[in-house]
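Down below is the structure, laid out as structure tokens.
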2 protein chains.
Amino acid sequence: MLYFATGNPEKVKEAQAILGIPIKIAELELDEIQDIDIEKVASRKVQEAFNILKKPVFIDDVGVYIEAWNGFPGPFAKFLQEAGGCAQILRMLENEKNRNVLIKSLVAFCDGKKIHIFTGELHGKIAFDARGKTGWGFDPIIIPDGQGQTYAEMGKEKKNSLSHRRLALDKFKKFLNKQTS
Amino acid sequence: MLYFATGNPEKVKEAQAILGIPIKIAELELDEIQDIDIEKVASRKVQEAFNILKKPVFIDDVGVYIEAWNGFPGPFAKFLQEAGGCAQILRMLENEKNRNVLIKSLVAFCDGKKIHIFTGELHGKIAFDARGKTGWGFDPIIIPDGQGQTYAEMGKEKKNSLSHRRLALDKFKKFLNKQTS
């Protein structure tokens, strides 16, 4: 049995569907350290989760690296989201022609011996206005490269087939399959 | 003997001058947790410092709360500073008429029994362009309310007489004087 330390039951459903194994939610109060490097943040967090649970556990995290801002806000995107959501980020970017964004999703898994990191990177653009209704967070303003639609316009199914989190979970799945085969 | 856990010897000199007692620098690798509440961040950090040193120790921290951004970036201002400095923040704020900013400085002191927090708040404006040469960080774009000059224009002495950090250190001094009297 794998534990997923998260407060979001939707994420557990998604991970279960992709990984194809039963997953149990572990709602823990975990701290995250301040660091622009999301791998460092996640390694510490999953180790803390394991120390509490004493069972194999994984976490996920995401960083939003805006090129015009030299990579800011990275892991702090969630605080920008809480502060003013998409409208605020659009306003802050209003004068920027460079709309490039790198979204880095990460799954960190601790089996007690080692921490394994699986990343998914998505290159895209920040839209000039919010479009679409599905999803959450910055979904209405993120246009993956090669797509004409924002995450929020393309709908959950299509988003989940190509998202940054999907890429990370797929790598995690391959790893798990190797362990059990 | 008091320890000041910081990597900045300039801050030690300033604190020594204000507090009027000998202070020893403690260069520790301390993590900071991700939280928009600077008091929470500082409490955890000073406790960690005490756990390592086992001696009375204080730290300082600062948050920059921009009103037009609903308080963002707060404690994450240092990462914005690293990403692109004053030029970047000015560009991000280019369309904002509301230039109000709250700068919150904080001294957290752990005597082994308890954590004491001393805060200094400065209300000001973000300038429309960088001005002045002294100081560091956001000094060229911060105009304290009631002043016509930026921190960087007024020079070190004047800045230190009214700065947010000064206010916090003054409160800490009063506290220390009470302890020894």
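The values are calculated or read from the model by the stated rules, or taken from the named source; none is laboratory data. In this text, all values refer to a predicted model and were calculated from it rather than measured experimentally. Reconstructed Cβ throughout: ideal geometry from the backbone, glycine too, with neighbour counts over all protein chains shown.
A few remarks follow.
- Exactly one residue out of B:Ala77, B:Ala5 is of a type outside the set (Asp, Glu) and more than 14 Å from every other protein chain (Cβ to nearest Cβ): that is B:Ala5.
- Residue list for the range A:115-129, restricted to those being of a type in the set (Phe, Trp, Tyr) and either out of contact with any Lys or Arg (no Cβ under 8 Å at 6 or more places or on another chain) or crowded, with 20+ Cβ neighbours inside 10 Å (or both): A:Phe118
- Summed over the range A:8-43, residues that are within 14 Å of chain B (Cβ to nearest Cβ), surrounded by fewer than 18 Cβ atoms within 10 Å (Cβ to Cβ) and part of a helix (DSSP H, G or I) total 1.
- Check on A:Glu96, among the charged types (D, E, K, R), surrounded by fewer than 18 Cβ atoms within 10 Å (Cβ to Cβ) and more than 14 Å from chain B (Cβ to nearest Cβ): no
- The sole residue among B:Gly112, B:Gly71 that is touching a helix residue (DSSP H, G or I) at 6+ places or on another chain (Cβ under 7 Å), more than 21 Å from B:Ile21 (Cα to Cα) and surrounded by fewer than 22 Cβ atoms within 10 Å (Cβ to Cβ) is B:Gly71.
- Checked against (1) hydroxyl-bearing (Ser, Thr, Tyr); (2) within 14 Å of chain A (Cβ to nearest Cβ); (3) farther than 29 Å from A:Glu67 by Cα, B:Thr119 meets all criteria but (2).
- Where B:Phe172 falls short, out of the listed (1) farther than 23 Å from B:Tyr3 by Cβ; (2) in a helix (DSSP H, G or I): (1)
- When B:Gly132, B:Gly137 are screened for being over 16 Å from the mean Cα position of the chain (by Cα), more than 14 Å from chain A (Cβ to nearest Cβ) and crowded, with 16+ Cβ neighbours inside 10 Å, only B:Gly132 passes.
- Residue match in the range B:67-74 (condition: polar (S, T, N, Q), within 13 Å of chain A (Cβ to nearest Cβ) and over 20 Å from the mean Cα position of the chain (by Cα)): no
- Set side by side, the residues B:Val107, B:Val101 differ, and just one is within 12 Å of the chain's Cα centre (by Cα), more than 11 Å from chain A (Cβ to nearest Cβ), surrounded by 20 or more Cβ atoms within 10 Å (Cβ to Cβ) and at pLDDT 95 or above, which is B:Val107.
- Selection count where residues are in contact with a Leu (Cβ under 7 Å, 6 or more places away or on another chain) and either of a type in the set (Val, Ile, Thr) or surrounded by fewer than 22 Cβ atoms within 10 Å (Cβ to Cβ) (or both), scope the range B:50-60: 2
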